[in-house]
Amino acid sequence: MIRDIDENLARSLTAETVELLPFLPYLLQDLWELGSSPRDMITLIKRHIPLSENSKILDLACGKGAVSVRIAESLGVHVHGFDLFPDFVKYAEQKAAEFGVDKLCRFTCGDANETVETERNYDCVIFGAAGNILGEPRETLEKLAKTIKFNGFIIIDEAYLPDDMTNDDVKYQNYEYLTRGEWLQLFDECGLTLVEELQNTDDYDFDSDNKLISTRTDELIAKHPDKRAIFENYVASQLNECEDLESNITAITWILQKKD
């Protein structure tokens, strides 16, 4: 079971093997945002979630806290972020202090699979670009739904295949993408209403991020030449996923509401 969780965690961060996990904080040290757009999350929350001073948001697999910190800064709402990497949690705490929202943000080092079994009664749970760390899509939605109130919200960052493509057509082969229709059917079966979707049309600078990662990869290869193949495969996976996002699959952010 632990092995499965580690493998899913590795895939969520575009790693080919769990052997890379200890090195991911080093490889990603130059990046704050790790996949999700804080702006899109804030937009959806502003449009659809009634907030008060007692509102609270759960940010699962929060990475370095970019989404949590930006939400707290923009909306003045309490956010509790969980991530498995201690280095990410420490960085998130530093950024919260830097942005003056350390009273609103709380970050905990923990496994998302354990977190969904204990955290309850949130107004909204955010699951941003975290892949299948909670299991297959149906299992993921069911676990997320347990953490929110009735009529609460789920914001999930995902990607889907065009109807005329299969997973054999994409370059990144460590994740099974669904079509939009398959996702919509799952939402209905899991008792979730699709409120709005934002298609990611930003001209994100993948090249800049990949150059930073490549530089850190070269440094690690110099320190650990025996692991060259693992590091180079990671860079290749990053490039494949970026190419898919630019040409093969549709990146999307959904806000869903839990039905009565």
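Overview of results
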| read-out | value |
| --- | --- |
| Qualifying residues in the stretch 80-122 (those that are assigned to a helix (DSSP H, G or I) and touching a Pro at 6+ places or on another chain (Cβ under 7 Å)) - the one most open to solvent (accessible area, probe 1.4 Å) | ASP87 |
| Residue check, PHE150 part of a strand (DSSP E or B) and more than 18 Å from the chain's Cα centre (by Cα) | yes |
| Residue count for the stretch 42-69, restricted to those that are of a type in the set (Val, Ile, Thr), open to solvent by 10 Å² or more (accessible area, probe 1.4 Å), out of contact with any Pro (no Cβ under 7 Å at 6 or more places or on another chain) and part of a helix (DSSP H, G or I) | 2 |
| Set ARG138, ARG180: member being closer than 30 Å to PRO25 by Cα, open to solvent by 30 Å² or more (accessible area, probe 1.4 Å) and of a type outside the set (Ser, Thr, Tyr) | ARG138 |
| The lone exception for ASN132 - which of (1) under 14 Å from the mean Cα position of the chain (by Cα); (2) surrounded by fewer than 17 Cβ atoms within 10 Å (Cβ to Cβ) it fails | (2) |
| Residue match in the stretch 162-171 (condition: touching a Gly at 6+ places or on another chain (Cβ under 7 Å), at pLDDT below 90, surrounded by 13 or more Cβ atoms within 10 Å (Cβ to Cβ) and not acidic (Asp, Glu)) | no |
| Residue under evaluation GLU119, criteria (1) modelled with pLDDT under 95; (2) in contact with a Phe, Trp or Tyr (Cβ under 9 Å, 6 or more places away or on another chain), criterion not met | (1) |
| Flag for LYS149 being under 25 Å from ARG39 (Cα atoms) and without any contact (Cβ under 8 Å) to a residue 12 or more places away in the chain | no |
| Scope the stretch 70-79; condition touching a strand residue (DSSP E or B) at 6+ places or on another chain (Cβ under 8 Å) and either of a type in the set (Ser, Thr, Tyr) or part of a helix (DSSP H, G or I) (or both); matching residues | ILE71, ALA72 |
| Some residue of the stretch 197-217 being within 19 Å of PRO22 (Cα to Cα), without any contact (Cβ under 8 Å) to a residue 60 or more places away in the chain, surrounded by fewer than 16 Cβ atoms within 10 Å (Cβ to Cβ) and aliphatic (A, V, I, L, M) | no |
| Residue that is nearest to the chain's Cα centre (by Cα), among those in the stretch 15-28 that are open to solvent by less than 70 Å² (accessible area, probe 1.4 Å) and either closer than 21 Å to LYS103 by Cα or not hydrophobic (A, V, I, L, M, F, W, C) (or both) | PRO25 |
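The values are calculated or read from the model by the stated rules, or taken from the named source; none is laboratory data. Quantities reported herein were computed from a predicted structural model and do not represent experimental measurements. As a convention, Cβ positions derive from the backbone with ideal geometry for all residues, glycine included, and neighbour counts pool all protein chains shown. Just so you know, the surface numbers come from the protein's heavy atoms only, side chains and all, with ligands and any DNA or RNA stripped out. Shrake-Rupley method; radii C 1.70, N 1.55, O 1.52, S 1.80 Å.
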